Amino acid sequence: MTEIIIAIVQALLLMLLAPLVSGTARWMRAKMHTRRGPSILQDYYDIAKLLKRQDVRTQHSSFVFRLMPPLYMGVLLILACGMPMITRACPIPVLGDVITIIYLLALPRFFFALAAVDSSDAYSGVGGIRELIVGVLVEPSMMLALFVAALATGTTNIGAMGEAIGSLSVTSPVAVVVAAAAFALACYVELGKLPYDVAEAEQELQEGPLAEYSGPSLAMAKASLSMKQVIVVSWFIAVFLPFGSATELTIPALALGALVFVVKVAAIFFICSIVENLVSRVRWKYMSRQTWTVVGVSVLALVFCVLGI
Amino acid sequence: MKSKTLSKKPGASHIEAVRERFPGVVKDVAWQTDDQVTVTVATDALPDVVEYLYFGRGGWLPVMIGNDERPIKGCYALYYVLSMEEEDKGWVVVRAEVDPDTLEFPSVTPRVPACVWSEREVRDMYGLRPVGLPDERRLVLPDDWPDNLYPLRKDSMDYRHRPQPARDVENYTFLSDTGDRETTVVPMGPLHITSDEPGHFRLFVEGEEIVDADYRLFYIHRGMEKVAESRLNYDAVTFLADRICGICGCAHSVAYAEAVENAQGIEVPARAQAIRALVLEVERLHSHLLNLGLVCHYCGFDTGFQHFWRVREKAMDLAELLTGHRKTYGLNLIGGVRRDILAEQKMETIRLVHELRDETRSVVDALLETPNFEGRAKGVGLLDPKIARAFSPVGPCVRGSGFARDVRFDHPFDGYKMLQDSFKARPYDGCDVLSRTLVRIDEVFDSFDMVEYLLENAPSGPILTEDWTYDPHKFALGFTEAPRGEDVHWAMVGDNQKCYRWRAKAATYSNWPVLRYMFRGNTISDAALIVGSIDPCYSCTERVTIVDVKKKTEKVLTRDQLESYCRRRTHSPLKD
């Protein structure tokens, strides 16, 4: 019962706090630009404003275009229920399998791209195709890195993987560290931050797939994108950085687990923010070259794992 | 004896060569200044002569000017301006007369592609028909302009006349040369996506690759030349010329002032000349810093963008200190300048230049050290030197393709005569966006040195001369190197204290035609960066449409309504 409550609370908190995370990233960006910048609550204001606006869609778009934002958000809420955030184990174990998570993340991506093509806007279409290609380039190395972790821990449930890594009882520690590095790189690409925000590139594609959205749909899509960033970061934390999360379901342990989780998320987003503001966007042609590096690191992890070190 | 003195003048060798090669075509030769000569040729021989001077003798063609000379000479005239930049440097203007009944002349564009925009413009503005012009679409006039109304003819219309729209559909065709490849059209504009200015681009793409591109501009033609001819006195036009551009206004007003001064033979005092050059360099500073920031922005490197613009603020302070205006406006008069540089301003300028140099150095280093900046800019937007030679682009755009063209050093004017020995043009031969960016970076640092040199070495004395007489119907060229390339103005004053004809050629006018070739073979993601790398200049919009969602009404506001609302802030045009 407690697990179910934790799962629901997690999902609700994620939905409510994700704009704060993206708002803080915007504020940091402004500081690095020597701008005064918006308040960290700006993303809430934006969403509130969009919710009041009319929802317009293009003449030739179909139900897919309408379906995408609620579907995107729904899938993320399901993911949030299963993701170990403050606890070490998965609140709902059936949702904690790596294969399930990867496919659950692929579903909204597919609809995101489909809706972009469906909106019959040239820029959106290009953005949608880019989004799919990013998926094709990044997902295999993500899978491979997690596969190595699964081999080393003997389970595909991320809660159990976290448990094993957290108690430092894995069979091949070097392989896990290298896999963690590969997964971190893949997650960074997955976050859709600079230099890899190619699908929504403002200067190139006018926000790509989001270009034709407006009003509540846009609000939902924007909130979902920031939720996705938090989910991806939590995923990384759950598997490779579980230290400090609650291993038993008592109030003090959960409170400590929540505090540690917030600190870890903040630290990771801080690092991402710095990286994001020090680079220019990767040229689309060279994207695949850079993701090859990630594949290379994953393969290296696999080799270490096979060698058993 | 006479022919001996003739041959000594700059440009004389070109005239001799034309005489020798095409016997009998030269009708008249006249020097406007020491290095400007206008040669009138038979209209039939026009393409031959221009082609020979352009490709055969190292000429570049910034602009061709049309003029309605029926009241003076009974015909239309065309002036093909050629800047001779190899041996015997100078300006040779080839003049041809067009019969007012047939209105036809042989097009030079098939031989010298650089003429294409000028010939299309003459077709719009005067109704003269270039026979053989490959591209006969309108250039300047909008689609709904009546067919037989030619705004710049002396007898056509008052400058206040607003003709009824002749049609209400857009019928401009975008051209593409895509071979047999199947392409998708990606529209960019009518408002450019990242610089937020009016220009309509059509990219013909296959996947992400741009196969060809076409574009349309002049959405906001302000009719300045017509206004200058009919409404202002010739000595007020310097202030109108300021307003041609929001950034390089001073370059235009210096060019106009020079055109009149050259025509009337006015000796501008040496101190005024130095001040003009100094302010032009300050203008280059803030313009180049702006573009360097924009290049960062187009690459998605917004941190660099914001920091360049932070540093640029100081360059604007410098402009304010020297001219009283953040944008270097309102400095020039015919015969000199309005403000002197006093001792304390000199000290303050030197201090600011020192600070600016250090800060610019640090942001430029940051840009060049950004890990993937080179990956973004290198090999992108290639401008083939052959295309460049054929179309005469200007400024960092052509210097990035290996040509050391720079009016400041090719045809030194004003204070630049003092700088001849210590500075030179800065070409790079990568032909890509990176080279054009590096040219700008070098020029920024040159500008710091030039400002310091000019401050130290400016001669003292008066800054304005009024000692001259007004001589109608004389004409000449004025030219400056604006941050974006050469501005060429041609002015002829009339017998009523007004310009008879004023033609202002902005730098970007020469750079647009090559853009198409720079797009080809790149990807959509590079399009904005490529447009940005020529540092284009558009202008501001004339009218807006406001849609009220709740009332479901739509209303078009005219510029007049908006203007009056801006001034008075009452009687909102929306509230009736």
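Given the residues B:Ala255, B:Ala259, B:Ala241, B:Ala277, which is the only one that is away from every other protein chain (no Cβ under 14 Å), over 21 Å from B:Asp340 (Cβ atoms), touching an Asp or Glu at 6+ places or on another chain (Cβ under 6 Å) and not aromatic (Phe, Trp, Tyr)?
Values: B:Ala259 fails: touching an Asp or Glu at 6+ places or on another chain (Cβ under 6 Å); B:Ala241 fails: touching an Asp or Glu at 6+ places or on another chain (Cβ under 6 Å); B:Ala277 fails: over 21 Å from B:Asp340 (Cβ atoms).
Selected residue: B:Ala255, the only one of B:Ala255, B:Ala259, B:Ala241, B:Ala277 that is away from every other protein chain (no Cβ under 14 Å), over 21 Å from B:Asp340 (Cβ atoms), touching an Asp or Glu at 6+ places or on another chain (Cβ under 6 Å) and not aromatic (Phe, Trp, Tyr).
One line per residue, one yes/no per condition, for (1) in contact (Cβ under 8 Å) with a residue 60 or more places away in the chain; (2) surrounded by 18 or more Cβ atoms within 10 Å (Cβ to Cβ):
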| residue | (1), (2) |
| --- | --- |
| B:Glu121 | no, yes |
| B:Leu128 | yes, yes |
| B:Asn148 | no, no |
| B:Pro165 | no, no |
| B:Val185 | no, no |
| B:Asp212 | yes, yes |
| B:Arg216 | no, yes |
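State whether one or more residues within the range B:489-501 are of a type in the set (Gly, Ala, Ser), farther than 19 Å from B:Thr437 by Cα and assigned to a strand (DSSP E or B).
Let us first name the residues in the range B:489-501 that are of a type in the set (Gly, Ala, Ser), namely B:491, B:494.
Going one step further and asking which of them are farther than 19 Å from B:Thr437 by Cα, we end up with B:491, B:494.
Of the ones still in play, those that are also assigned to a strand (DSSP E or B) are B:491.
Yes, the range B:489-501 contains a residue that is of a type in the set (Gly, Ala, Ser), farther than 19 Å from B:Thr437 by Cα and assigned to a strand (DSSP E or B).
Conditions tested, residue by residue: (1) small (Gly, Ala, Ser); (2) within 14 Å of another protein chain (Cβ to nearest Cβ); (3) under 30 Å from A:Tyr103 (Cβ atoms).
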position: A:Ala25; (1), (2), (3): yes, yes, yes
position: A:Leu41; (1), (2), (3): no, no, no
position: A:Tyr44; (1), (2), (3): no, no, no
position: A:Ile47; (1), (2), (3): no, no, yes
position: A:Arg53; (1), (2), (3): no, yes, no
position: A:Gln59; (1), (2), (3): no, no, no
position: A:Phe63; (1), (2), (3): no, no, yes
position: A:Leu71; (1), (2), (3): no, no, yes
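Can you tell me which residues in the range A:272-309 are among the aliphatic types (A, V, I, L, M) and within 30 Å of A:Thr171 (Cα to Cα)? Give the steps one after another, and end with the answer.
So in the range A:272-309, the residues among the aliphatic types (A, V, I, L, M) come out as A:274-275, A:278-279, A:282, A:287, A:294-295, A:297, A:299-303, A:306-307, A:309.
A:Val294, A:Val295, A:Val297, A:Val299, A:Leu300, A:Ala301, A:Leu302, A:Val303, A:Val306, A:Leu307, A:Ile309, listed by residue number.
Between residues in the range A:280-309 that are within 14 Å of chain B (Cβ to nearest Cβ) and surrounded by fewer than 18 Cβ atoms within 10 Å (Cβ to Cβ) and residues that are assigned to a helix (DSSP H, G or I) and not aromatic (Phe, Trp, Tyr), which pairs lie under 6 Å by C-beta distance while being six or more apart or on different chains?
A:Tyr286/B:Gly375; A:Ser288/A:Leu137
As an exercise: evaluate B:Ala263 against (1) among the aliphatic types (A, V, I, L, M); (2) part of a helix (DSSP H, G or I); (3) touching a residue at least 40 places away in the same chain (Cβ under 8 Å); (4) touching a helix residue (DSSP H, G or I) at 6+ places or on another chain (Cβ under 9 Å) and give the number of the one condition it does not meet.
(4)
Yes or no, residue by residue, for (1) within 19 Å of the chain's Cα centre (by Cα); (2) within 14 Å of chain A (Cβ to nearest Cβ):
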position	(1), (2)
B:Trp490	yes, no
B:Cys499	no, no
B:Arg503	yes, no
B:Ala507	yes, no
B:Asp526	no, yes
B:Leu529	no, yes
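Restricting attention to the range B:316-340, and to residues there that are of a type outside the set (A, V, I, L, M, F, W, C) and not in a loop (DSSP other than H, G, I, E, B), which single residue is nearest to the chain's Cα centre (by Cα)?
Start the filter on the range B:316-340 by keeping residues that are of a type outside the set (A, V, I, L, M, F, W, C), which leaves B:317, B:320, B:323-330, B:332, B:335-336, B:338-340.
Checking the rest, the ones that are also not in a loop (DSSP other than H, G, I, E, B) come to B:317, B:320, B:323, B:332, B:336.
Numbers: B:Asp317: 25, B:Glu320: 24, B:Thr323: 22, B:Asn332: 18, B:Gly336: 22 Å.
Of everything passing the filter in the range B:316-340, B:Asn332 is nearest to the chain's Cα centre (by Cα).
One line per residue, one yes/no per condition, for (1) under 16 Å from A:Ile102 (Cα atoms); (2) of a type outside the set (S, T, N, Q); (3) under 19 Å from the mean Cα position of the chain (by Cα):
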position	(1), (2), (3)
A:Thr171	no, no, no
A:Glu190	yes, yes, yes
A:Tyr196	no, yes, yes
A:Ser217	no, no, no
A:Lys222	no, yes, yes
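Which one of these does B:Ala366 not meet: (1) of a type in the set (Gly, Ala, Ser); (2) more than 14 Å from every other protein chain (Cβ to nearest Cβ); (3) touching a helix residue (DSSP H, G or I) at 6+ places or on another chain (Cβ under 8 Å); (4) part of a helix (DSSP H, G or I)?
Exception for B:Ala366: condition (2).
How about the range B:2-116: which helices (runs of 4 or more DSSP H) wholly inside it have at least 2 residues that are under 22 Å from B:Lys474 (Cα atoms)?
Fully inside the range B:2-116 and qualifying: B:12-21, B:70-73.
Quick check on my filter: what residues within the range A:93-147 are within 14 Å of chain B (Cβ to nearest Cβ), in a helix (DSSP H, G or I) and among the charged types (D, E, K, R)?
Once the filter is applied, which keeps residues that are within 14 Å of chain B (Cβ to nearest Cβ), in a helix (DSSP H, G or I) and among the charged types (D, E, K, R), the range A:93-147 yields A:Arg130, A:Glu131.
Name the helices (runs of 4 or more DSSP H) wholly within the range A:157-274 that hold at least 3 residues that are away from chain B (no Cβ under 14 Å)?
A:158-166, A:173-191, A:215-240
On the basis of being in contact with a Pro (Cβ under 7 Å, 6 or more places away or on another chain) and in a helix (DSSP H, G or I), does A:Leu16 make the cut?
no
B:Trp309 versus (1) hydrophobic (A, V, I, L, M, F, W, C); (2) within 14 Å of chain A (Cβ to nearest Cβ); (3) buried (at least 23 other Cβ atoms within 10 Å of the Cβ): which is the lone unmet condition?
(3)
Would you be able to say whether some residue in the range B:379-392 is part of a helix (DSSP H, G or I), without any contact (Cβ under 8 Å) to a residue 24 or more places away in the chain and of a type in the set (A, V, I, L, M, F, W, C)?
no
Looking at B:Arg284, B:Arg310, B:Arg271, which one is in the same structural domain as B:His354 (by TED's automatic domain parsing), in contact with a Gly (Cβ under 8 Å, 6 or more places away or on another chain) and part of a helix (DSSP H, G or I)? Even if it seems obvious, please write down each step before you answer.
On the way: B:Arg284 fails: in contact with a Gly (Cβ under 8 Å, 6 or more places away or on another chain); B:Arg310 fails: in contact with a Gly (Cβ under 8 Å, 6 or more places away or on another chain).
Sole residue among the options that is in the same structural domain as B:His354 (by TED's automatic domain parsing), in contact with a Gly (Cβ under 8 Å, 6 or more places away or on another chain) and part of a helix (DSSP H, G or I): B:Arg271.
All but one of (1) modelled with pLDDT of 85 or more; (2) outside any loop (DSSP other than H, G, I, E, B) hold for B:Ala213; state the number of the condition that does not hold.
Status for B:Ala213: all satisfied but (1).
Out of B:Cys250, B:Cys245, which single residue is in a loop (DSSP other than H, G, I, E, B) and assigned by TED's automatic domain parsing to the domain that holds B:Arg338? Walk me through it before giving the result.
Values: B:Cys250 fails: in a loop (DSSP other than H, G, I, E, B).
Only one candidate passes the filter, namely B:Cys245.
Among (1) among the aromatic types (Phe, Trp, Tyr); (2) within 21 Å of B:Pro393 (Cα to Cα); (3) buried (at least 20 other Cβ atoms within 10 Å of the Cβ), which single condition is B:Phe105 missing?
For B:Phe105, the exception is condition (2).
Suppose we keep only residues that are away from every other protein chain (no Cβ under 14 Å) and of a type in the set (A, V, I, L, M) within the range B:370-387. Which one would you say is nearest to B:His297 (Cα to Cα)? Reasoning before the result, please.
Restricting attention to the range B:370-387, the residues satisfying the condition of being away from every other protein chain (no Cβ under 14 Å) are B:382-387.
Adding the requirement that they be of a type in the set (A, V, I, L, M) leaves B:382-383, B:387.
Details: B:Leu382: 20, B:Leu383: 22, B:Ile387: 28 Å.
Looking at residues that are away from every other protein chain (no Cβ under 14 Å) and of a type in the set (A, V, I, L, M), I get B:Leu382.
Which numbered condition trips up B:Val185, out of (1) more than 29 Å from B:Val227 (Cβ to Cβ); (2) assigned to a helix (DSSP H, G or I)?
(2)
Check the range A:214-223 and report whether any residue there is within 30 Å of A:Ala115 (Cα to Cα) and either touching a Cys at 6+ places or on another chain (Cβ under 8 Å) or among the hydroxyl-bearing types (Ser, Thr, Tyr) (or both). Walk me through how you get there before you give the answer.
Taking the range A:214-223 first, the residues within 30 Å of A:Ala115 (Cα to Cα) are A:214-223.
Subset that is either touching a Cys at 6+ places or on another chain (Cβ under 8 Å) or among the hydroxyl-bearing types (Ser, Thr, Tyr) (or both): A:214, A:217.
Yes, the range A:214-223 contains at least one residue that is within 30 Å of A:Ala115 (Cα to Cα) and either touching a Cys at 6+ places or on another chain (Cβ under 8 Å) or among the hydroxyl-bearing types (Ser, Thr, Tyr) (or both).
Residues in the range B:270-327 that are among the hydroxyl-bearing types (Ser, Thr, Tyr) and more than 23 Å from B:Thr437 (Cα to Cα): how many? I'd like the intermediate steps shown before the answer.
Going through the range B:270-327, the residues among the hydroxyl-bearing types (Ser, Thr, Tyr) turn out to be B:287, B:298, B:303, B:323.
Within this subset, residues satisfying the condition of being more than 23 Å from B:Thr437 (Cα to Cα) are B:323.
Residues flagged as among the hydroxyl-bearing types (Ser, Thr, Tyr) and more than 23 Å from B:Thr437 (Cα to Cα) within the range B:270-327 amount to 1.
The values are calculated or read from the model by the stated rules, or taken from the named source; none is laboratory data. Since the model is a prediction, treat every value here as computed from it, not as a measurement. No Cβ is skipped: glycine too gets one built from the backbone with ideal geometry, and neighbour counts run over all protein chains shown.
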